[in-house]
Amino acid sequence: MAIVRRHFLKQTALALSIPLVGCESTPSASDTAPFSALKRGDVILFQGDSITDARREKTEQLPNTSSSFGHGYAFLAASYLLNKFPEHQFTIYNRGISGNKVFQLADRWQEDALDLKPNWVSVLIGVNDFWHKMKHGYEGTVEIYENDLRALLQRTTSELPGVRLIVCEPFILPNTSAVDQSWVEPFKAYQKAAHHIATELGALWVPFQTLFNNALQHAEAAYWAPDGVHPSMAGSQLMADAWLDVLNKS
């Protein structure tokens, strides 16, 4: 049984192009200098809303600690990096908070971002800036979203010279319990704004919407995100793999 399981893990790792520690395989070109942009001692910060929060504990908020990471893509991606590079001694935080919009990130940015002195800041934000406008009386606009996100990230690069930014595409999956087709076209403006800012500031871009659109060829939307916003176990792993792939290629 152990041999069968090991064979399965090796095959899965090869399919994802993410090698497992202890599983021998022929190195590919992409394995010759994996994650070469990361440096020993780097501090990595995940920021965002409930998708990043993933029900993490918010009392101690410790780095490199499972309870402080919740159960989402940030936990999976951080776990991979900590396992693969123990000699690098990374410090990785999750400071996502459920329900946040961009202006709420800004309200807590000093304590939950700048004071942590991160070398890498990954931000996934935007779905609440649209969702709460549709269903919760929020009066924000896509222009407010874009201006606030640009100002937040410019503040970050100004106060943390040399910081690397990772901007993640906000995403939705229609035909689910919370999201219908009426979301699709107006939400594209928020996605376009986030992409524009990433390009403008030279940030890495994680195309989550494209990722999920491709995944719909293999299973229905609810399999990946039951309400169309919050990913399932499968959706979280899909996100973590994509995030790691973008970082690996940077």
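Some notes on this structure:
- Full extension of the chain segment joining Q181 with N147 gains 9.6 nm, where the gain is 0.36 nm per residue of separation less the Cα-Cα distance.
- Separation of alpha-carbon centers, the stretch 169-225 and the stretch 104-135, rounded to whole Å: 18
- Exceeding the 25 Å Cα-Cα cut-off - candidates K117/K188; K39/K249; K39/K101; K84/K188; K135/K192; K84/K249: K117/K188; K39/K101; K84/K188
- Averaging over all projection directions, the Cα-based convex hull of the stretch 52-163 occupies 7.5 nm² in the image plane.
- Oblate is the label for the stretch 138-179. Its Cα gyration tensor axes, ordered a ≥ b ≥ c, give a/c of at least 1.5 and b/c at or above a/b.
- Per-residue Karplus couplings for the stretch 69-78, computed as 6.51 cos²θ - 1.76 cosθ + 1.60 with θ equal to phi - 60°, are listed in order as 10, x, 10, x, 4, 5, 4, 5, 5, 5 Hz, Gly and Pro entered as x.
- Nearest-0.05 FRET efficiency for N214 and V43, computed from C-beta distance (R0 22 Å): 0.10
- Distance between the 7 Å Cα→Cβ label points at E159 and R108: 1.5 nm.
- Longest site-free stretch - the chain; sites: trypsin sites (Lys or Arg not before Pro), DSSP loop, at most 15 other Cβ within 10 Å: 109-248
- Here the spin labels are modelled as points 7 Å beyond Cα on the Cα-Cβ line, and at K249 and E57 they lie 3.8 nm apart.
- Charge context of D112, other residues only, Cβ under 15 angstrom, K/R +1, D/E -1: -1
- Distance cut-off 23 Å, percentage of C-alpha pairs in the stretch 39-248 lying past it: 41
- Using a Förster distance of 30 Å, the FRET efficiency for T199-A234 (Cβ separation, nearest 0.05): 0.50
Laboratory data are not the source of any read-out in this text; all were calculated from the coordinates shown. Because the structure is predicted, anything quoted here is derived from the model rather than measured. Don't worry about glycine lacking a Cβ; one is built from the backbone with ideal geometry, like all the others, and counts go over all protein chains shown.
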